[in-house]
Amino acid sequence: MKRALITGITGQDGSYLTELLLGKGYQVHGIIRRSSTFNTGRIEHLYQDPHEPEQRLVLHYGDLTDSSRLVTLIEKIRPDEVYHLAAQSHVRVSFDEPEYTGNTTGVGTTRLLEAIRMVGVDTRYYQASSSEMFGATPPPQSEDTPFYPRSPYGAAKVYGYWMARNYREAHGLFAVNGILFNHESPRRGETFVTRKIARAVARISAGIEQNVYLGNLDAVRDWGYAPEYVEGMWRMLQADEPADYVLATGTATTVREFTQWCFERVGLDWEKHVQFDETYLRPTEVDALIGDASKAMTDLGWKAQTMPEQLAHLMVDADLAALDR
Ligand code: NAP
Ligand code: G4F
């Protein structure tokens, strides 16, 4: 049985990846943070009692700021594959907490890579790199596009990207960077714009709220569906040679268009319910991200299936259904 270790298992991608790997027969180990309230909601349906004889989902406390714990866990689990997904992943928040973001999203990556090197375990490593690294470089963006990060988060991810490449080139680690464009789902954190809109639309249509407050409606993003992207992560680690890959739909959608699609789904006029709030603007914005994922198609046979309008509809439908529960 293959063993995988997932950092960030409680996040959107971690939860879908856990489902995928359990379905493929892996034993999955996940690192969770100690918190005063439960933070395992997204993987609750997968939870297995530790007293079960053949437990295939095992959770361990740990934190990206705690290097000795990472060494202990790598030594204990000896994973065949490591998916490093944990991060302070919110771009707007990274302007408020640049040092913490650098410590976790950036240096946290080095702590994990160094734990793997020190223990000397033979493993394959996935680095959750981001289209946010392209920042101000105009689209379309591919694996060869230069980085120009526009946020502390983007800068921390560029550092993590180069550390993963360095461990590949300097230490021979099978390390890959998945440069993923925005991917969303009903499990997306409530403060990212797609989920914020979908959730608000459901609540407005149910009469619970009247308005939603948003920032920049002109930003262009390439929004795909998260379950398809975690499958791409897995494919990257099954390749013969380690390499870096963009995953994207190749489509361009403004925040305004996404908003309109969500409101149309429930028969409402978006302009009557959306208000501007400058709190949600960023000191520097990433104007347009549109990915070219042709390398992933050629080498891995990966292609995005769900397009942004369909994604908007499925997210609104899920938030409507959640209100009925
Ligand atoms: P997410 O939902 O925000 O999940 C982040 C995960 O990291 C959570 O499990 C969180 O734990 C954990 N975490 C945060 N700080 C930690 C720390 N100090 N120690 C240990 N764990 C910590 O993110 P996601 O959308 O699933 O994205 C997964 C990864 O891909 C992230 O690295 C993100 O930056 C990157 N990425 C995402 C996208 C996207 O569009 N979703 C695109 C490109 C790259 P808690 O649950 O306790 O908070
Ligand atoms: O949903 P967002 O916060 O995602 P953003 O900044 O693109 O970052 C996400 O995708 C990255 C990949 O490119 C990941 F690496 C990162 O971890 C994260 O998952 O914002 C999308 C756009 C931005 O241009 C923002 O300015 O929506 C705009 N926006 C407008 N109003 C808003 C809002 N964003 C948020 N979060 N909240 C608003 O009210």
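The values are calculated or read from the model by the stated rules, or taken from the named source; none is laboratory data. All values derive from a computational prediction rather than experimental measurement. Cβ atoms come from the backbone with ideal geometry, glycine included; neighbour counts cover every protein chain shown.
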Query raised in the report: Which one is farthest from ligand 1 (Cβ to nearest atom), of the residues in the range 128-171 that are touching a strand residue (DSSP E or B) at 6+ places or on another chain (Cβ under 6 Å) and charged (D, E, K, R)?
Result: R168
Query raised in the report: How many residues does the range 296-308 contain that are surrounded by fewer than 18 Cβ atoms within 10 Å (Cβ to Cβ) and part of a helix (DSSP H, G or I)?
Result: 3
Report task. Taking A164 as the residue in question, decide whether it is under 26 Å from L300 (Cβ atoms), small (G, A, S), in a strand (DSSP E or B) and in contact with a Phe, Trp or Tyr (Cβ under 9 Å, 6 or more places away or on another chain). Result -> no
Query raised in the report: So is G135 buried (at least 21 other Cβ atoms within 10 Å of the Cβ), on the phi > 0 side of the Ramachandran plot and outside any strand (DSSP E or B) or not?
Result: yes
Query - Of all residues making up the range 271-288, the number that are in a loop (DSSP other than H, G, I, E, B) and either at pLDDT below 95 or more than 19 Å from E184 (Cα to Cα) (or both) - result: 7
Report task. Check whether at least one residue in the range 272-289 is away from ligand 2 (no atom under 15 Å from the Cβ) and surrounded by fewer than 19 Cβ atoms within 10 Å (Cβ to Cβ), and report yes or no. Result -> yes
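Answer yes or no as to whether A318 is touching a residue at least 40 places away in the same chain (Cβ under 8 Å), assigned to a helix (DSSP H, G or I) and surrounded by fewer than 20 Cβ atoms within 10 Å (Cβ to Cβ). Walk me through how you get there before you give the answer.
Working: touching a residue at least 40 places away in the same chain (Cβ under 8 Å): yes; assigned to a helix (DSSP H, G or I): yes; surrounded by fewer than 20 Cβ atoms within 10 Å (Cβ to Cβ): yes.
So A318 passes the test.
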Report summary line: Being at pLDDT 95 or above and touching a Leu at 6+ places or on another chain (Cβ under 7 Å) narrows L237, L268, L247 down to just L247
Query raised in the report: Are there any pairs, at least 6 apart or on different chains, whose C-beta atoms fall under 6 Å, with the first in the range 146-159 and among the hydroxyl-bearing types (S, T, Y) and the second away from ligand 2 (no atom under 12 Å from the Cβ) and in a helix (DSSP H, G or I), and if so, which?
Result: Y159/G106
Query raised in the report: In the range 176-203, which residues are more than 15 Å from ligand 1 (Cβ to nearest atom) and either under 22 Å from I9 (Cα atoms) or surrounded by fewer than 20 Cβ atoms within 10 Å (Cβ to Cβ) (or both)?
Result: R203
Requested in this report: Select from the range 168-192 the residues that are within 11 Å of ligand 2 (Cβ to nearest atom) and either among the hydrophobic types (A, V, I, L, M, F, W, C) or in a helix (DSSP H, G or I) (or both) and list them in ascending order.
Outcome: I179, L180, F181, F192
Query raised in the report: Do we have any residue at all in the range 234-250 that's within 11 Å of ligand 1 (Cβ to nearest atom), part of a strand (DSSP E or B) and touching a strand residue (DSSP E or B) at 6+ places or on another chain (Cβ under 6 Å)?
Result: yes
Query raised in the report: Considering the range 65-93 alone, what residues qualify as being surrounded by 17 or more Cβ atoms within 10 Å (Cβ to Cβ), polar (S, T, N, Q) and farther than 28 Å from E19 by Cβ?
Result: S67
